[in-house]
Each structure stands twice: as C-alpha cells, then as structure tokens.
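The values are calculated or read from the model by the stated rules, or taken from the named source; none is laboratory data. For clarity, every value in this text was computed on a predicted model and none was experimentally measured. Every residue, glycine among them, receives a Cβ derived from its backbone with ideal geometry; neighbour counts consider all protein chains shown. Please note that ligands, DNA and RNA were not included when accessible areas were found on the heavy atoms of the full protein model with its side chains. Shrake-Rupley method; radii C 1.70, N 1.55, O 1.52, S 1.80 Å.
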Amino acid sequence: MTRHFPKAALAVSFLALAAPAVAQDTTVIGVSIPAATHGWAGGMNYHAQATVDRLEEVYPQLDFVLSTASNAAEQVNDIEDMMATRDIAALVVLPFESEPLTGPVQALSESGIWITVVDRGLSVEGIEDLYVAGDNPGFGRVAGEFFTGAMPDGGQIVVLRGIPTTIDNERLAGFEEAIEGSGIEILAAEHGNWNRDDSFTVMQDFLSRYPEIDAVWASDDDMAIGAMAAIDAAGRDDIQFVLGGAGMKEMIQRTMEGDEMVPANVTYPPAMIATAIEMTAVGVTSNAPVSGTFTIGSVLITPENAEQYYYPDSPF
Amino acid sequence: MTQTDTATAKPARRLPPMTVIGPVVALIALIIIGAMLNPNFLGYANLTNVLSRSAFIGIIAVGMTFVITAGGLDLSVGSMAAFIAGLMILVMNAALPVLGVGLPIIFLGVATALVAGVIAGLINGLLITKVGIEAFIVTLGTMGIYRSLVTWMADGGTLSLDFGLRTFYRPVYYDGILGISWPIIVFALCVIVGEIFLSRGVFGRHVAATGANAEVAHYSSVNTTRVRLATYVLLGLLVGVATIMYVPRLGSASQTTGILWELEAIAAVIIGGTYLKGGFGRVWGTVIGVLILSLIENILNLTDYVSPYLNGAVQGVMIILAVILQRGAKTGK
C-alpha cells in the first residue's frame, strides 16, 4: 500500500516513536484525509498540514498523526493502523467515500474514540460526535441564484460536471432547482472530472456543437480554467461569463480585479478541514462543548467581497 | 454496428489483407457515424480540435509502438509526461528573471523536456535491460515515482507557467502553418519518421526480430540489449516532445496531468494492429488507433444519445470491437 506521510507528520511519528516514555500523557489525534489528487484536495492537504503544525505549537499535550490515502481501501487501512499502533483518542476523517468508511469508523466510535467527520457524511447517522459539513446542495443553489440574477431574461448555458459522485449529483440538483422557471436552459451537461484537461476537451466539443452559448457553469475553478482556454482558442464572444467554484486563488484574484468573464465564485472552502481539526482539539483539551453539526455554508464571492476569500499562500 | 462494418469490408477482400483494413474500416465507420449525428463533426474547427488533442497521445503512441514491437511495455509515460511538464514549468519560471520572455527561454524549456525525456527513458531502459527486471514492474515503479514527484513539486496544487511567458509560448499549441496547427504537424512528422524507421530501416527489422524471439535475434548478431534500450530512450524522447506541445495549451501541470495516457497509448498501439507480445508493429496503424479513441470521445461529447455515465463503457466496447474486427478478419483469411 503506497502511503505517503507529509514530512512534518513523519517527523511527528518519529518523535512519538522515539520518546514514548516522555510523551506518556500526550493525547493523540488522528487525521485521515484523501491525498492531493486534484486542486481542491491539494488545498485541503495544505490546510490540514498547516493546522496540525500550528496546533502542535499551541497544545504541547497534543500529538497529531496525519495520513493521506489515494483510495477508500487505503484510508480504511490508515485508520486501522492509527487505532492499532498510535492509540488515538480522536479521529478527524474526511471520508474518501461514505459507504466503505462507515463500518471501520463506527467500530472506532464504539470503542470510545471521538469522531469528527468532515465534508462527506457517513452512511449511518449518529456515528460521529462532530460533523463539519460542506453544503453541496447549497453550492449548486448559490450558483443557480447567481445565474438567475445575472441572466434575468433567461438564456442557454452548458454545465461541466465533476467526477460522478453524490457530491456532484447534489450540486447539480441544487442548481437545477434554483434556475427552475427562470428561462435558463441547460443545453448539455458532461463530466469534466474537476480536471483542466478534461474540461478543455468537453468545452471544445460543446463549442462545436452549439453555435450560441450564453454562459457556462463550470462548477469548479479548475474546470473553469480549462473551459476558458477552450473559449479563448475558439475566439467565441457569445459566452458572457464562466462561473467556477471552490475559490481557487487565481480565480478569486480575477474576480477581485473585475474580470468580466469571471464575475463571481462560490465557496466550498478546503479550509473546512482546519475548522474540524481546531474544533476537535478544543473538544479534547477543554470543557467547551463542540459536538453536533457545523455546516459551512457556500457563499457567493463577488468583486466587492473577494479580498476576504483570497489566500495567496495556499496552493489552491 | 458490427454487421455494417463487416459488410462494408467484404468487397475489399482482393485488396491488402483484412488485418490491415480492419482498423481503417472501424475509423471510416466512426467518421460516418459522427457526420450523421452532428453536422459540425466534419467542420474545420472540430477536426482541428480532435487532431490537436490527439497529438499528445499520438506522439507518445508512436514511441510505444517501438517498445511494444520489441517485446517491451512502458506504463510510466503518463506520469513521465506530467513530471516533465512540471519540470519544464519550474525551469522556465526560474529562468525568467535572467532570460526574460523570448525565444531563448522557450529553447531552454524545450531542451529541458527533451533531456529529461531521454534520461527518464534511459533509466527505464537500463533497469529493464541491464538489471534485468520485468518491464511491467520497472515502469509501474517509475509511474508511481514520477506521479509523486510532480505532486511534490506542485505542493499538492498546480504548477503554472508565468502569465507573460504563457502568452508568448501559447501559439505553439494553437497556431500553425497554412491552417494546420503545430501539434498536428509535429505528430505527422513523428509518424512519418517513425514509419520509415520501423518498416524500412535496419533498426526497425532489429526491433521486430528482438520482439519476435530475442534469442534467435541474438544469435543472428542483433544486439538485443541495445535495441531494447534504444526503444525506451526513443519513447522517453517522444514523451518530451509531446510535453513540449502540451505545456502551452493550458500552461499548467498538476497531479492530474497525463493520467491514464499510458493505457490510451497502449490501447491505440494494439488497435492499430501491433502485437502486444511483440514481433510485429506498424506506426501508421497506431495513428488509426489514436484517431479511433479520440473520435469516440468527441462523438460522445457532440451527442446526447448516451448517458455521460456510460462514456467509459462505450469506449471499452469500441476498443474491443476494433480489435475483434481485425482478428476476425485474420482468421477468416
């Protein structure tokens, strides 16, 4: 199983292994997240690492073990390893997929370990102590509301979808609901897999297929970049704007500078992993209650508020 | 669809053997289907798009034809392309303050890509021929190494070429001469040179002999080690060439760059009539294979008849059909 611990996490594990006697009364928090397989996940990895580094300074009594997995089976192994060898007191998990992770996480929960689930829920309710949730239907709805606002007379749009998953379905459903009855017609929706190259190809073909497209819902900033490259190359000026999503720094910057092709963005912050780790640390170290559900809303970013969402240091 | 294909193929029996015609028939059938489904399919813009996109896989697949004909395999090319693209971007961005935007920096990028490609190919080739490890295992290993390296270089995010530099470099993908874009021209040149080498040159005969039976070739005074090594180096070089055409398109590289390119290249080679176990290969067949794969994707995007969830299934069926057509024709003869 190929597993790569980020450098700092590796150092942490070595420290912990080397000095078990000294670190006897430290509490270990496990963090298990998907590997950086696309831009958003890259940002999430960055924020997880940054938060772990910061919290280890703040709480000397806390130890973190961070592992990244490139598929669900690997993530299950990671969690089992943490349980068996690191004696974790709490687990922060962003499940690769809900179904395969539900059983193993439930087993941990039953043995008394604090569980924080991030972004994707598990398939059985009530396992987690804390759920830091992203709002996927809301992500689609906010995007849809932007379209109805920007195109009051309706129009014809194309949609680029992500990797076929529940997340993607929920987003599209939220979007369709928001534009219903507004006169905006979705000409076609194809999967661009949250990938620049794929969305470039799909957009080129959309442009060949439809002589008139008013706007594009790219639903992700990586896909928006691919789509815009295809539009530029074709020299088409019928497309008024491309709406991405997730708040990549390069795209936020363009919105901030008033680029007409990128008039807005919808957040789905990869930093939600930081929220989850911080809240878990608070829960483990203090009496402040942190259990329950914490939903991180998707917000519309416009040129007016873009500066607030611009993180120049993040890779995403 | 199969029935129509075989029906159209039958009258041509007096011409070259059906193994040769099989992939061509499949390609023509696809073009007819595409033209019937969407009037824009045969338009200049769409054809340019499809051919330019095919160029990356196509250039790599030309090199893959040599490797497979010599009895080898290379799974690392997709990751290698991503790694070289990342390296090129880092080198060009780093040299920007010194060289400024202009031709020298482009040549530096091109040289980086070609040298990195040759070295990567040499590493694969040496591990396979000198250390004697299975090609499958060596290239599976390097595949993981290059993919991780590009993720690490990009810090989990995306490496982007400096904006000014990108604008200067961009025409390499989008422009061309006489309305034919550069990627298509470079692809065509690789194919012509590759075809001459493989089917007419001494090197090509040695490659095929090595793939057919390495021992016999060895006793016929063919330096099989050097021939196999040369095929991997050639493939590495061509991955470098493909990357030179790829980087100006979006000006970025990330861990998703070039995913599954190796399998697409291998599929194109096999659809084109090269034997997976080696001994016989043809470069022009590979071109047909590449075009078949690109056209399937293009047609699926241009129409609504198939749920996008099933795109992969349609591609899979078409790949198998294309090969059946070819093999079926062979036994029929």
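Only strands (runs of 3 or more DSSP E) whose full extent lies in the range A:119-234 are considered here, and the ones with at least 2 residues that are open to solvent by less than 30 Å² (accessible area, probe 1.4 Å), under 24 Å from A:L94 (Cβ atoms) and small (G, A, S) are A:130-134. Restricting the range B:138-191 to residues that are at the interface with another protein chain (Cβ under 10 Å from one of its Cβ atoms), of a type in the set (G, A, S) and open to solvent by 40 Å² or more (accessible area, probe 1.4 Å), which is farthest from B:Q255 (Cα to Cα)? Ranking the qualifying residues of the range B:138-191, first place goes to B:S160. Taken as a whole, the range A:240-256 holds at least one residue that is facing chain B (nearest Cβ under 9 Å), open to solvent by less than 30 Å² (accessible area, probe 1.4 Å) and within 17 Å of the chain's Cα centre (by Cα).
Every condition in (1) under 14 Å from A:D129 (Cα atoms); (2) of a type in the set (A, V, I, L, M, F, W, C); (3) not in a loop (DSSP other than H, G, I, E, B) is met by A:A288 except one, and the failing one is (3).
State which residue is nearest to the other protein chains (Cβ to nearest Cβ) when the search covers only the range B:240-254 and only residues that are under 11 Å from B:F83 (Cα atoms) and open to solvent by less than 10 Å² (accessible area, probe 1.4 Å). So the residue we want is B:A253. Could you check B:L96 against (1) within 13 Å of chain A (Cβ to nearest Cβ); (2) open to solvent by 30 Å² or more (accessible area, probe 1.4 Å) and say which number it fails? Only one criterion is unmet by B:L96, namely (1).
For B:V216, the stated conditions hold: it is more than 14 Å from chain A (Cβ to nearest Cβ), open to solvent by 60 Å² or more (accessible area, probe 1.4 Å) and in a helix (DSSP H, G or I).
The single condition from (1) away from chain A (no Cβ under 11 Å); (2) outside any loop (DSSP other than H, G, I, E, B) that B:T48 fails is (1). Filtering the range B:278-308 to residues that are in contact with a strand residue (DSSP E or B) (Cβ under 8 Å, 6 or more places away or on another chain) and open to solvent by 20 Å² or more (accessible area, probe 1.4 Å) leaves B:D304, B:P308.
Taking the condition assigned to a loop (DSSP other than H, G, I, E, B), polar (S, T, N, Q) and open to solvent by 10 Å² or more (accessible area, probe 1.4 Å), does A:S109 pass? No; evaluated as a whole, the condition is false for this residue. Within the range A:1-58, the set of residues being at pLDDT 85 or above, closer than 28 Å to B:G141 by Cβ and more than 14 Å from chain B (Cβ to nearest Cβ) comprises A:S32 only.
Quick grid of which residues meet (1) in contact with a Gly (Cβ under 9 Å, 6 or more places away or on another chain); (2) assigned to a helix (DSSP H, G or I); (3) on the phi > 0 side of the Ramachandran plot; (4) free of Cβ contacts under 8 Å to residues at least 24 places away in the same chain:
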position	(1), (2), (3), (4)
B:T231	yes, yes, no, no
B:G236	yes, yes, no, no
B:K277	yes, no, no, no
B:I288	yes, yes, no, no
B:D304	no, no, no, yes
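Within the range A:87-126, restricting attention to residues that are among the hydroxyl-bearing types (S, T, Y) and closer than 21 Å to A:V284 by Cα, the residue that is nearest to the chain's Cα centre (by Cα) is A:T116. Scanning the range B:46-79 for residues that are of a type in the set (D, E, K, R) and open to solvent by 10 Å² or more (accessible area, probe 1.4 Å) yields a total of 1.
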